[in-house]
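Enquirer: Take this structure first; my questions come after.
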Amino acid sequence: MKQRTKKKVYIETLGCQMNMADSERMFGMLEEIEYYPTESMLDADLSILNTCSIREHAAAKTGSYVGKWDKQRKPGSLIAVTGCVAQQEGEKLVKDIRTVDLLIGTHNLHRLPDLVIEAENLHEEAIANGSKEAKLNKGIYKRPQVAEIWEELPELIPETPVSRKTKHFAWVNIIYGCNYKCTYCIVPKTRGDQRSRSIAEVKQEIKGLAAEGYKEIVLLGQNVDGYGMDIGTNFATLLREVHEVAGIERIKFLTSHPCDMTYELIETVAELPKLAKYFHIPIQAGNDEVLKRMARRYTFKRYMELINYIRKLMPDASITGDIIVGFPGETHKQFMDSVKAVETIGYDACNTAVYSPRPFTPAATWEDPISAEEKNERIRFINSVITETAEKQAQRFLGTVQDVLIEGPSARNPARLMGRIFTNKTVNIDCDPEEHDQYIGKICKVEITKANAWALRGQLAKTPALV
Ligand code: 5AD
Ligand code: SF4
């Protein structure tokens, strides 16, 4: 390849951890063609919007971002759109948004460096021709657009370099896509069928992370419990293998599906000391009829069996969930079943969202007689119950001493340190800023002095540093 000059790339990431992990892969791939991160799109040569389509108005939001960026962009710089909106909307998006220079879907992200170079070349050509044409009074040149969306998945998942933003914990993709077809969900369309990475490949990546000094890893997938089904292994086996990697102190995983979560998996988490006793298991609704229409393939009873087994083996485990409010046709009684579920389960936290119709999904074509006001009323109510439950749950940490991985100064108050306890809850710690550096990246003993629904407060124990 010819010598390239160094350039700057800015990436704005919307949505879930999967997108954050994809952005880290993009930084890694782009470094190979001499693009280095910048914190501001104002001085970027390439600005990438990594989009999320899980909620409504995603395409409009993409348009308004790009419109704003176009007005502010450095002359000659490029704007790219990646992620789920790109995959979902396809080439229509470059027609609708003329100021996008490059569009790439989720299935062919590994092609990013090649496509960036193609866009750069086309752009240079267009500017050269444009100025010629301008001289001939033929008007302004048309912005060339590069768009590549693969409908089909590649046969092999190409390995790409990753450049991580987080210093002390790292996301590791173990499975891409999802085999479920929940009737409200766009993910099967934007991310495709499930594909597991091999155990050897995952382990290799984690060994590399341990060698770089990472202490914690978070295994990522839309449905981690489905791991291995397509390659003749299972998630519990992967966890045992990963657990052997020396240097890694904590292992977490997201997201679980109640239908594929096994008792063997729960026993494995209970047994292996480095595994965080933390489970994110979306329930989506507390009523069996609604669950059926969502095509979730479990009942509330089955969900509770899992929760009870987790609590039996790990009484202190943290459990979080997701709930959709106002699914088409959800009656008030059915909604109240979700509220009851929150109370019965006793979540440490639970994300809620008002149902939003997504293109290409069955539920989007169903009648939905519930008014927006009613839905907003429901979500406000369930959120208040969740806050109460989470606050009650948090009290069990009060007065205890926890092992906390210190991530850095707190974003809200830089005079404090921020870290996470073993079951994932955030802790803010009073600590003289001059002393911060000696604790960041270490696992410290912290005494919990306050507990509210969202975070804990604590102070470093007398001999805080463990590792
Ligand atoms: N409307 C509202 N919430 C949704 N989610 C997924 N699809 C939709 C939708 N169409 C929520 C689910 C999922 C989380 C990531 O987003 O609760 O678990
Ligand atoms: Fe979407 Fe359902 Fe798959 Fe989760 S399990 S990603 S909600 S289709």
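Enquirer: Specify the inter-centroid distance of the stretch 366-444 and the stretch 275-319, based on alpha-carbon positions, in whole Å.
Expert: Centre-to-centre (Cα) distance: 21 Å.
Enquirer: If r is the Cβ-Cβ distance from Asp193 to Thr262 and R0 is 22 Å, what FRET efficiency results, to the nearest 0.05?
Expert: 0.55
Enquirer: What residues qualify as long-range amide H neighbours of Arg358, i.e. H under 5 Å apart, gap of 5 or more or another chain, H built at 1.01 Å from N?
Expert: Residues meeting the criterion, in which the H sits 1.01 Å from N, are Ala364.
Enquirer: Could I ask something else about it? Please name whichever of Gln393, Leu103, Leu291 sits farthest to the positive end of the charge dipole of the chain, dipole taken about the Cα centre and charges placed at Cβ: Lys and Arg +1, Asp and Glu -1.
Expert: Value: Gln393.
Enquirer: Any idea what angle helix 58-72 forms with the longest principal axis of the chain, computed on alpha-carbon atoms, 0 to 90 degrees, nearest 10?
Expert: Approximately 50 degrees, to the nearest ten.
Enquirer: Before anything else, pin down the relative contact order of the stretch 320-432: Cα pairs under 8 Å, at least 6 apart, normalised by residue count, whole percent.
Expert: So the answer I get is 23 percent.
Enquirer: Could I ask something else about it? Glu244 to Thr426: extension gain in nm, 0.36 nm per residue of separation minus the Cα-Cα distance?
Expert: 62.9 nm
Enquirer: So what J values fall out for the stretch 282-291 if you push phi through Karplus, 6.51 cos²θ - 1.76 cosθ + 1.60 with θ = phi - 60°, rounded to Hz, Gly and Pro as x?
Expert: x, 9, 6, 7, x, 10, 5, 5, 5, 4
Enquirer: Using the Cα centre of the stretch 277-395 as the reference point, and only Cβ charges (+1 on K/R, -1 on D/E), how large is the resulting charge dipole? Debye, rounded to the nearest 20.
Expert: Once rounded to the nearest 20, the dipole reads 460 debye.
Enquirer: Remind me, what semi-axes does the stretch 277-395 give for its equivalent ellipsoid, largest first in whole Å, using sqrt of 5 times each Cα gyration tensor eigenvalue?
Expert: Listed largest to smallest, the semi-axes of the stretch 277-395 are 26, 16, 11 Å.
Enquirer: Using 7 Å Cα-to-Cβ label points, what is the Val385/Lys450 separation (nm, one decimal)?
Expert: About 2.9 nm, to one decimal.
Enquirer: Hey, another quick one. Based on the Cβ-Cβ distance of Arg412 and Asn129, what FRET efficiency does E = 1/(1 + (r/R0)^6) give at R0 = 45 Å, to the nearest 0.05?
Expert: Using R0 = 45 Å, I get an efficiency of 0.30.
Enquirer: To continue, here is another question. In bins 5 Å wide, starting from 0, what share of all Cα pairs of the stretch 7-148 does each bin hold, as a percent?
Expert: 2, 10, 20, 24, 21, 13, 5, 3, 1, 0, 0
Enquirer: What list of ³J(HN,Hα) couplings, whole Hz, do you get for the stretch 356-362 from phi and the Karplus terms 6.51, -1.76, 1.60, once you set θ to phi - 60° and write x for glycine and proline?
Expert: Once θ is set to phi - 60°, the couplings for the stretch 356-362 become 9, x, 10, x, 6, 10, x Hz.
Enquirer: OK, next. Once amide H atoms are placed 1.01 Å from N in the peptide plane, what residues at a sequence separation of 5 or more from Ile283, or on another chain, have their amide H within under 5 Å of its amide H?
Expert: Amide H to amide H, under 5 Å and 5 or more residues apart or across chains, Ile283 pairs with Asp322.
Enquirer: May I pose another question? Might you tell me the accessible area per residue for the chain, computed with a 1.4 Å probe and given in Å²?
Expert: 46 Å²
Enquirer: Starting from the stretch 367-466, pick out the trypsin sites (Lys or Arg not before Pro) whose DSSP state is loop and whose Cβ has at most 15 other Cβ atoms within 10 Å.
Expert: Here the trypsin sites (Lys or Arg not before Pro) that fit, given the DSSP loop and packing criteria, are Arg412.
Enquirer: Mind ranking 25-31, 313-319 by how tightly packed they are, going by the mean number of other C-beta atoms within 10 angstrom, highest first?
Expert: 25-31, 313-319
Enquirer: Let's test this: bin the Cα-Cα distances of the chain at 10 Å from zero up to the farthest pair and state each bin's percent.
Expert: Histogramming the chain at 10 Å steps yields 4, 18, 26, 27, 17, 6, 2, 0 percent.
Enquirer: Cα to Cα, under 26 Å, and not fewer than 8 places away if on the same chain: which lysines meet these conditions relative to Lys95?
Expert: List returned: Lys61, Lys68, Lys71, Lys74, Lys132, Lys138, Lys142, Lys189.
Enquirer: What nm value, rounded to one decimal, do you get for the distance between Lys6 and Lys74 when each label is placed 7 Å out toward the C-beta?
Expert: Modelled inter-label distance: 1.2 nm.
Enquirer: A further question follows. From the backbone phi of the stretch 78-83, what are the Karplus-calculated ³J(HN,Hα) couplings (6.51 cos²θ - 1.76 cosθ + 1.60, θ = phi - 60°) in whole Hz, Gly and Pro given as x?
Expert: Per residue, the Karplus-derived 3J(HN,Hα) values read 10, 10, 10, 10, 10, x Hz.
Enquirer: Turning to a different aspect of this structure: If you filter the stretch 47-115 for GluC sites (Glu not before Pro), then keep DSSP loop positions with at most 16 other Cβ within 10 Å, what is left?
Expert: Within the stretch 47-115, the qualifying GluC sites (Glu not before Pro) (loop, at most 16 other Cβ atoms within 10 Å) are Glu56, Glu91.
Enquirer: If amide H atoms are built 1.01 Å from N in the plane of the peptide, which residues on other chains or at least 5 residues away come under 5 Å of the amide H of Ala170?
Expert: The answer is Glu216, Ile217, Val218.
Enquirer: Next question. Measure off 7 Å from each Cα along the Cα-to-Cβ vector at Ala270 and Arg297, then give the distance between these two points in nanometres to one decimal.
Expert: Distance between the two pseudo-spin positions: 2.6 nm.
Enquirer: Magnitude of the Cβ-charge dipole of the chain, K/R +1 and D/E -1, about the Cα centre, nearest 20 debye?
Expert: So the dipole magnitude of the chain works out to roughly 620 debye.
Enquirer: Something else now. If you count only protein heavy atoms and use a 1.4 Å probe, how large is the accessible surface of Leu153, to the nearest 10 Å²?
Expert: Solvent-accessible area, nearest 10 Å²: 50 Å².
Enquirer: Assuming R0 = 25 Å, can you tell me the calculated FRET efficiency for the pair Glu289 and Glu56, based on Cβ-Cβ distance, to the nearest 0.05?
Expert: 0.55
Enquirer: Please compute the alpha carbon radius of gyration of the stretch 398-460, then divide it by the globular-protein estimate 2.2 N^0.38 Å. Two decimals is fine.
Expert: Working it through for the stretch 398-460, the quotient is 0.96.
Enquirer: What order, most packed first, do the peptides 200-208, 401-409, 359-367 have when packing is the mean number of other Cβ atoms within 10 Å of each residue?
Expert: 401-409, 200-208, 359-367
The values are calculated or read from the model by the stated rules, or taken from the named source; none is laboratory data. All of these numbers come straight from a predicted model, not from anything done at the bench. Reconstructed Cβ throughout: ideal geometry from the backbone, glycine too, with neighbour counts over all protein chains shown. SASA here: full protein model, heavy atoms, side chains in, ligands and nucleic acids out. Shrake-Rupley method; radii C 1.70, N 1.55, O 1.52, S 1.80 Å.
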